[in-house]
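**Student:** Below is the structure I would like to discuss, written out as structure tokens.
The values are calculated or read from the model by the stated rules, or taken from the named source; none is laboratory data. All values derive from a computational prediction rather than experimental measurement. For neighbour counting, all protein chains shown are included, and Cβ atoms are generated from backbone atoms with ideal geometry for every residue, glycine included. Please note that ligands, DNA and RNA were not included when accessible areas were found on the heavy atoms of the full protein model with its side chains. Shrake-Rupley method; radii C 1.70, N 1.55, O 1.52, S 1.80 Å.
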Amino acid sequence: MPLHKYAPKMWDALKLKQGIYARLPKHYLKSLEQKEPTPVHWKPLGVEYRRNPKTGHKERVQDVPIPIYFPPQSQDGLWGGEGWISGFRYANNDKLSTRLRKTWKPQVFKRELYSEILDHKFTIEVTARTLDLIDAAYGFDFYILKTPKEDLNSKLGMDLKRAMLLRLAHKDKELYPDDPVKREKVYNKYKHFEIPEEEAEWIGLNLEEAVEKQRQLEHKEPEPLFKVCVDNLVEELHIQKLLEPHLTEKK
């Protein structure tokens with residue numbers, strides 16, 4: 001007999017269907033769906049079978065992804081999907097010697113990146129792959145806005161995306177206040193990334209932040225009792241006045 005009614009792996013999914021979790025916006029709940037990120041440390045073959053070049057026999061192919069660990073500091077930077085890989089190496093490059101545990105880490109360095117939408121320079125920890133992706137996207141803002149959540153894999157990156165989308169939704173005049181021509185040019189440049197403000201303000205929030213935001217939206221300040229009594233008294237007096245007979249003088 002099972003100890004639980006539902007398997008523990010299903011608890012997180014079932015939790016989203018109850019209580020305040022079920023009242024979260026649909027577009028936010030959809031963003032919580034797990035999606036496979038773009039492979040970075042391995043190349044999938046994309047086929048189930050292939051022919052052995054030596055024997056000519058058909059062989060089964062297994063695309064097994066390399067387990068990657070993303071340390072907490074990766075959420076405060078832009079690592080471009082790279083992480084730590086744990087494995088083993090041979091001592092002195094001798095296959096007959098003892099295997100030693102080793103962790104391969106990406107090279108991380110700080111760079112200043114400028115955002116046109118936010119008009120601000122950010123000092124961020126990045127990898128060489130991140131800089132290549134920024135160049136391929138033709139700019140820092142394009143990289144942040146184009147890259148999906150699972151490939152960005154960064155809390156900082158998602159916070160930047162939310163700030164950019166909110167500014168595009170507001171189109172406030174705080175951006176380049178002394179140069180309206182440049183401001184309009186920037187808004188038109190990123191126009192196809194615009195989404196409604198109601199959706200933009202939920203981008204990049206983790207589940208705890210989203211629940212707290214929903215709780216604040218549903219929270220109502222208690223109405224003082226004397227105000228309720230005054231409103232009821234005014235309404236009763238108004239009804240009483242309407243019920244009184246109205247006398248008209250004959251001329």
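**Student:** Determine how large the accessible area of His120 is when every protein chain is in place; take a 1.4 Å probe and give Å² rounded to the nearest 10.
**Tutor:** 90
**Student:** What's the carbon and sulfur percent of the range 122-251's accessible surface, probe 1.4 angstrom, rounded to a whole number?
**Tutor:** 56
**Student:** I'd like the distance separating the alpha-carbon centroids of the range 125-195 and the range 213-229, in whole Å.
**Tutor:** That distance is 37 Å.
**Student:** For the chain, calculate the relative contact order in percent as a whole number, restricting contacts to Cα pairs under 8 Å that are 6 or more residues apart.
**Tutor:** The normalised contact order for the chain reaches 15 percent.
**Student:** Then there is this: Among the listed pairs Lys58/Lys149; Lys17/Lys155; Lys121/Lys189; Lys121/Lys149, which have their C-alpha atoms separated by more than 27 angstrom in this model?
**Tutor:** Lys58/Lys149, as the Cα separations exceed 27 Å there.
**Student:** Now for a separate question. Run the dipole for the range 14-71 about the Cα centre, Lys and Arg Cβ at +1, Asp and Glu Cβ at -1, nothing else charged, and hand back the magnitude in debye, nearest 20.
**Tutor:** It comes to approximately 160 debye.
**Student:** Also: Largest first, what is the accessible-area ranking of Thr127, Thr103, Thr98 with a 1.4 Å probe?
**Tutor:** So, going from the largest accessible area down, we get Thr98, Thr103, Thr127.
**Student:** Can you figure out the FRET efficiency of Phe88 with Glu184, using R₀ = 41 Å and their beta-carbon distance, to the nearest 0.05?
**Tutor:** My answer for the efficiency is 0.10.
**Student:** So, with +1 on the Cβ of K and R and -1 on the Cβ of D and E, and no other charges, what is the size of the charge dipole of the chain about its Cα centre, to the nearest 20 debye?
**Tutor:** Result for the chain is approximately 1660 debye, rounded to the nearest 20.
**Student:** Separate question: What does the accessible area of Asp12 come to, in Å² to the nearest 10, when a probe of 1.4 Å is used?
**Tutor:** The value for Asp12 is about 110 Å².
**Student:** Per residue, what accessible area does the chain have, given a 1.4 Å probe and all protein chains present, in Å²?
**Tutor:** It amounts to 77 Å² per residue over the chain.
**Student:** Right, next: Report the net charge of residues surrounding Val126, where surrounding means a beta-carbon distance below 9 angstrom and charges are Lys +1, Arg +1, Asp -1, Glu -1.
**Tutor:** Taking every Cβ under 9 Å from that of Val126, the sum is +2.
**Student:** If you line up the long axis of helix 155-170 against the longest principal axis of the chain, both from Cα atoms, how many degrees apart are they, to the nearest 10?
**Tutor:** So the helix axis and the longest Cα principal axis differ by about 40 degrees.
**Student:** Can I ask one more? Considering the chain as a Gaussian network with a 10 Å cut-off on Cα pairs, which listed residue, Ser154, Ser31, Ser74, attains the greatest mean-square fluctuation?
**Tutor:** Among Ser154, Ser31, Ser74, the largest GNM mean-square fluctuation belongs to Ser31.
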